[in-house]
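The values are calculated or read from the model by the stated rules, or taken from the named source; none is laboratory data. Since we're looking at a predicted model, the values are computed, not measured. FYI the Cβ positions are ideal-geometry reconstructions off the backbone, even for glycines, and counts take in every protein chain you see.
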Amino acid sequence: MIKKIILALVLVLTPYASFAGIDNPVTFLSEAELAKYKKTITRVETYLSGLTTITSEFIQVAPDGKLSSGKFFLERPGRMRWQYNPPTPILMVANGSEMIYYDYELEQISHIPLDSTLIGFLAQDKIRFDNNVGVISFTENAGTIRIGVAQHDKPKDGQLVLEFSDKPLLIRNMIVTDTNGQVTTVSLNNANFGAKIDKKLFDFRDPRKPRRL
């Protein structure tokens, strides 16, 4: 179960399961609705586009309440690493073009095109809520901003809510609804923004193969 949840975090859909998609219709905000929130949405786009790197601990809460934790690394454009702490046997690395999902327990590797994932848009060079990823919900109150997004070409394949604290603007949580309607929350803790990250962290080496001396 935990592995399926983790994979859904990256894909927001799970290609290895035959989900029918979220039952509730997905409606994108109209141009008129977006115009009301344009100032804040533009601030968020500018903020996300300006983040060169993120290093953070994270806590993940699965739909059944189970907790897992690890470290998250982001270097834009195109690079991410989700490094789970034991006993969760999962590592995920985005190297610029694909997300590599490695299951230590099964010794199994999956290669997933990064641009086919909803969460992959966070690693794009310029962050825009436009043609590829659109806004489906927006709330702003009590110093918290929440923006819900989905992919225009497959809106029923999963949704992502980005949660920010404001003044100063700071990303805090990511809330994923997968294709089966289950909700997983990922909270970023002790985040460090703009620090240099060792590029080797985004270089996946198959641990099943012996290294040459």
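Structural remarks
- First in the stretch 35-48 and more than 18 Å from N173 (Cα to Cα), second anywhere and among the hydrophobic types (A, V, I, L, M, F, W, C), Cβ under 7 Å, 6 or more apart: Y37/F138
- Qualifying residue in the stretch 20-27 (condition: surrounded by fewer than 15 Cβ atoms within 10 Å (Cβ to Cβ) and touching a strand residue (DSSP E or B) at 6+ places or on another chain (Cβ under 8 Å)): yes
- Every pair of residues 6+ apart whose Cβ atoms lie under 7 Å, when the first sits in the stretch 78-91 and is farther than 17 Å from L106 by Cα while the second is among the aromatic types (F, W, Y): R79/F202; M80/F73; R81/F73; R81/F202; W82/F72
- Some residue of the stretch 193-203 being without any contact (Cβ under 8 Å) to a residue 12 or more places away in the chain and either β-branched (V, I, T) or in a strand (DSSP E or B) (or both): no
- Whichever residue in the stretch 144-174 is touching a residue at least 40 places away in the same chain (Cβ under 8 Å) and basic (K, R) and, among such residues, is farthest from N132 (Cα to Cα): K156
- In summary, D125 fulfils each of the numbered conditions (1) of a type in the set (D, E); (2) exposed (fewer than 14 other Cβ atoms within 10 Å of the Cβ); (3) farther than 24 Å from N192 by Cβ with the single exception of condition (3).
- Qualifying residue in the stretch 163-179 (condition: closer than 30 Å to S137 by Cα and modelled with pLDDT under 85): yes
- Considering the conditions (1) in contact (Cβ under 8 Å) with a residue 60 or more places away in the chain; (2) more than 22 Å from A35 (Cα to Cα); (3) of a type outside the set (A, V, I, L, M), E140 is excluded by exactly one of them, (2).
- On inspection, T40 passes the criterion of being farther than 14 Å from V186 by Cβ and in a helix (DSSP H, G or I).
- Residues that are within 17 Å of D203 (Cβ to Cβ), in contact with a Leu (Cβ under 9 Å, 6 or more places away or on another chain) and surrounded by fewer than 19 Cβ atoms within 10 Å (Cβ to Cβ) within the stretch 69-101 comprise G78, Q83, N95, G96, S97, I100, listed in sequence order.
- Subset of the stretch 20-68 (residues that are at pLDDT below 95, of a type in the set (G, A, S), closer than 19 Å to P86 by Cα and within 18 Å of the chain's Cα centre (by Cα)): A62, S68
- Unique match (being over 22 Å from Q60 (Cβ atoms), of a type outside the set (V, I, T) and crowded, with 16+ Cβ neighbours inside 10 Å) among F138, F202, F164: F138
- Count of the stretch 148-161 residues, restricted to those that are surrounded by fewer than 18 Cβ atoms within 10 Å (Cβ to Cβ) and among the acidic types (D, E), is 1.
- For the stretch 81-116, the set of residues classified as of a type in the set (S, T, N, Q) and either part of a helix (DSSP H, G or I) or touching a Gly at 6+ places or on another chain (Cβ under 9 Å) (or both) consists of Q83, N85, T88, N95, S97, S116, listed by residue number.
- Qualifying residue in the stretch 144-159 (condition: at pLDDT 95 or above and of a type in the set (D, E, K, R)): yes
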